[in-house]
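Okay, structure first, notes after.
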Amino acid sequence: MIKPTYCRKHGVQMYVATSPRLAAAISSNESMPPEEIRYLRFRNDGKSYERAVDSNFLEKFGLPVNDAVVILKDRDKALKQLNDRLLIQKIIREMKGVCPLCLDGVLHPLAP
């Protein structure tokens, strides 16, 4: 189970996973060019969740960087298939936890 973590800006938050580069942008209070943002969608037995990452992170794992959303399918218990399970585990090990509100600020910066 994920434990709440303290964010200096927003207080206690349930952190979400993202790419190391996006996590670094958050910690240094920088924005990320929108054209470099991609979304990884993980599907597992009918459930789905999405994580924001940068295109370089996808490239590191040999995933398409031109698609706005990359879909990876985890195990399917009914069909007893693992699909992209090993790749998903590698990706998750590389991801960093960040405050969801801080991440949203990097993904959707306010206009000056």
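The values are calculated or read from the model by the stated rules, or taken from the named source; none is laboratory data. Computed from a predicted structure; not experimentally measured. So basically every Cβ, Gly included, is an ideal-geometry build from the backbone, and we count neighbours across all protein chains shown. Each accessible area value is taken on the protein alone, full model and side chains, heavy atoms only, with ligands, DNA and RNA left out. Shrake-Rupley method; radii C 1.70, N 1.55, O 1.52, S 1.80 Å.
Checking P34 against (1) open to solvent by 70 Å² or more (accessible area, probe 1.4 Å); (2) at pLDDT 90 or above; (3) within 14 Å of H108 (Cβ to Cβ), only one condition comes out false. Which one? Condition not satisfied by P34: (2). With respect to (1) within 19 Å of P109 (Cβ to Cβ); (2) open to solvent by less than 70 Å² (accessible area, probe 1.4 Å), the lone exception for L87 is condition (1). Scanning the range 5-59 for residues that are among the β-branched types (V, I, T) and touching an Asp or Glu at 6+ places or on another chain (Cβ under 8 Å) turns up just one, I37. Consider the range 22-31 and keep the residues that are touching a residue at least 40 places away in the same chain (Cβ under 8 Å) and more than 19 Å from E94 (Cα to Cα). The one that is least open to solvent (accessible area, probe 1.4 Å) is S31.
Evaluated against (1) modelled with pLDDT under 90; (2) touching a strand residue (DSSP E or B) at 6+ places or on another chain (Cβ under 7 Å); (3) open to solvent by less than 70 Å² (accessible area, probe 1.4 Å); (4) within 21 Å of L101 (Cα to Cα), G11 falls short on exactly one condition, (2). Scanning the range 43-68 for residues that are assigned to a strand (DSSP E or B), at pLDDT 90 or above and either more than 21 Å from G97 (Cα to Cα) or open to solvent by less than 60 Å² (accessible area, probe 1.4 Å) (or both) yields a count of 3.
Suppose the filter is surrounded by 13 or more Cβ atoms within 10 Å (Cβ to Cβ) and within 11 Å of L103 (Cβ to Cβ); does S19 pass it? In short, yes.
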